[in-house]
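The values are calculated or read from the model by the stated rules, or taken from the named source; none is laboratory data. Note that the structure is predicted; figures quoted are calculated from it, not measured. Note that each Cβ is placed from the backbone with ideal geometry, even for glycine, and that neighbours are counted across all protein chains shown.
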Amino acid sequence: MMEEETAEVKERKVSLTERVFAKVLSSNANNYCFDCGEKEPTFVSVNHGIFLCYNCAICIHQVHYPVEISFIKSIFDKNWSYP
């Protein structure tokens, strides 16, 4: 019984996350990577509140900055908790 409730709560959180990203990405300004301008970014820097393409997120932010500076998450990631 408890497992079903937990799965239901997780499903509500996932759908809330998807709804939030759909709303935020509906703005034309958020459809481009903040660093390079690439269309349809798939990552976000949680600390900065910016959308990033794969190259900028992984090759620049994740490699060169600690999570305290730029915490990178995929917008498709199901788990949105801070490390």
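Where the second residue is modelled with pLDDT of 85 or more and the first is among the basic types (Lys, Arg) and lies in the stretch 70-83, which pairs have Cβ atoms under 8 Å and are six or more apart or on separate chains?
73/43; 73/44; 73/46
Spot the failing condition for residue 57; the list is (1) at pLDDT 95 or above; (2) farther than 15 Å from residue 74 by Cβ; (3) out of contact with any helix residue (DSSP H, G or I) (no Cβ under 7 Å at 6 or more places or on another chain), and only one is missed.
Evaluating residue 57 over (1) at pLDDT 95 or above; (2) farther than 15 Å from residue 74 by Cβ; (3) out of contact with any helix residue (DSSP H, G or I) (no Cβ under 7 Å at 6 or more places or on another chain) leaves (2) as the failure.
Residues of the stretch 31-46 being closer than 25 Å to residue 66 by Cβ and over 12 Å from the mean Cα position of the chain (by Cα), which ones?
Result: 33, 34, 35, 36, 38.
Go through (1) within 30 Å of residue 8 (Cβ to Cβ); (2) at pLDDT below 90 and name the single condition residue 29 misses.
(1)
In contact with a Pro (Cβ under 8 Å, 6 or more places away or on another chain) and either surrounded by 11 or more Cβ atoms within 10 Å (Cβ to Cβ) or modelled with pLDDT under 95 (or both): which single residue out of 16, 52 fits that description?
When all the criteria are applied, what remains is 52.
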